[in-house]
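Colleague: Handing you a structure now.
The values are calculated or read from the model by the stated rules, or taken from the named source; none is laboratory data. Not measured: the values here are computed from a predicted model. Here Cβ is always computed from backbone atoms with ideal geometry, including for glycine, and neighbour counts include all displayed protein chains.
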Ligand code: OAD
């Protein structure tokens, strides 16, 4: 099948689905100007995760870790959702249920207008008190002080993100796994499918008999397991799928009138 046929297949599958899940990784935000992790200019090509994104790094040098997150917050702050995020947000009202399960911490799905978002790896705009666990949202850039402190108890605040060596929020993970076994269709967009347990979510869908469509310029470990793998950029492919889907919906409505 060539790419046009695959895009058409994806739109037809979407037109027949009631419940869908869109599972995303950093690739969907790359066309907004936010670096991925493992690509040519990926963050993990320039920085060592163990120095900046682990509990041990934070306890030995919270200032350094916060300076890195401040740098990332600065990159993300003025970035806007691209046509890929927007296409997904436009699907809000087309399905009985649409969940966006994302590994991204940039908040661009929210900015685009998506609802029902499960952020598996947290959110860079949220800060968590290391003593009481209270989560606050703070979009100030730069932050008032580095490292920031809790205004209630004075303890250090940390980014509300998942670091290497930490567990994901079990409630969120279980909800995501439950949704995958109940959905009709899953789109997996812009992830290398290398990081577990997040990468197990599309596999759970495959094993539950859910049709899985991958959108990624490169092949990944998920590619051989996906029903359809569309080689292209999210910002190109998703609007194309949307156009065809809207045509199908219009034709169906025309026939029903
Ligand atoms: P990666 O950097 O591992 O993978 C990004 C994927 O996006 C690659 O497969 C690219 O081919 C693809 N990609 C690039 N541009 C794209 C585009 N325009 N449209 C569609 N796809 C594109 O990033 P993730 O899979 O998100 O975790 O990484 C998973 C996790 O590893 C992250 O959440 C982060 C990282 O360490 C934590 O920090 C816990």
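Colleague: Just checking, how many residues over the stretch 170-186 are crowded, with 16+ Cβ neighbours inside 10 Å, within 23 Å of residue 229 (Cβ to Cβ) and without any contact (Cβ under 8 Å) to a residue 60 or more places away in the chain?
Modeller: Within the stretch 170-186, residues that are crowded, with 16+ Cβ neighbours inside 10 Å, within 23 Å of residue 229 (Cβ to Cβ) and without any contact (Cβ under 8 Å) to a residue 60 or more places away in the chain number 1.
Colleague: Count, please, the residues in the stretch 149-165 that happen to be in contact (Cβ under 8 Å) with a residue 60 or more places away in the chain, within 16 Å of the ligand (Cβ to nearest atom) and either more than 23 Å from the chain's Cα centre (by Cα) or outside any strand (DSSP E or B) (or both).
Modeller: Going through the stretch 149-165 one residue at a time, the tally reaches 3.
Colleague: For the stretch 135-148, enumerate the residues that are without any contact (Cβ under 8 Å) to a residue 40 or more places away in the chain and touching a strand residue (DSSP E or B) at 6+ places or on another chain (Cβ under 7 Å).
Modeller: Of the residues in the stretch 135-148, the ones without any contact (Cβ under 8 Å) to a residue 40 or more places away in the chain are 135-138, 140, 144-145.
If the condition is that a residue be without any contact (Cβ under 8 Å) to a residue 40 or more places away in the chain and touching a strand residue (DSSP E or B) at 6+ places or on another chain (Cβ under 7 Å), then 135, 136, 137, 138 are the ones that fit.
Colleague: Quick check on my filter: what residues within the stretch 216-235 are buried (at least 17 other Cβ atoms within 10 Å of the Cβ) and in contact (Cβ under 8 Å) with a residue 60 or more places away in the chain?
Modeller: 216, 228, 229, 230, 233, 234, 235
Colleague: In the stretch 115-148, how many residues are surrounded by 15 or more Cβ atoms within 10 Å (Cβ to Cβ) and more than 16 Å from the ligand (Cβ to nearest atom)? It would help to see each step written out before you state the result.
Modeller: First, pick out the residues of the stretch 115-148 that are surrounded by 15 or more Cβ atoms within 10 Å (Cβ to Cβ): 117-130, 136, 143, 147-148.
Okay, now just the ones that are also more than 16 Å from the ligand (Cβ to nearest atom), so 127, 129-130, 136, 143, 147-148.
The number of residues fulfilling the criteria is 7.
Colleague: In this structure, does residue 254 turn out to be in a helix (DSSP H, G or I), away from the ligand (no atom under 15 Å from the Cβ) and under 27 Å from residue 96 (Cβ atoms)?
Modeller: Yes: the conditions hold for residue 254.
Colleague: Filter the stretch 54-104 down to residues that are out of contact with any helix residue (DSSP H, G or I) (no Cβ under 7 Å at 6 or more places or on another chain), without any contact (Cβ under 8 Å) to a residue 24 or more places away in the chain and under 15 Å from residue 161 (Cβ atoms), then give me how many there are.
Modeller: 1
Colleague: Here are some conditions: (1) closer than 30 Å to residue 245 by Cα; (2) touching a residue at least 24 places away in the same chain (Cβ under 8 Å). Residue 2 meets all but one. Which one does it not meet?
Modeller: (2)
Colleague: Quick one: which strands (runs of 3 or more DSSP E) sit completely within the stretch 167-236 and have at least 2 residues that are within 11 Å of the ligand (Cβ to nearest atom) and in the same structural domain as residue 2 (by TED's automatic domain parsing)? Break it down stepwise before answering.
Modeller: Values: elements: 185-189, 211-215, 228-230.
Correct list: 185-189, 211-215.
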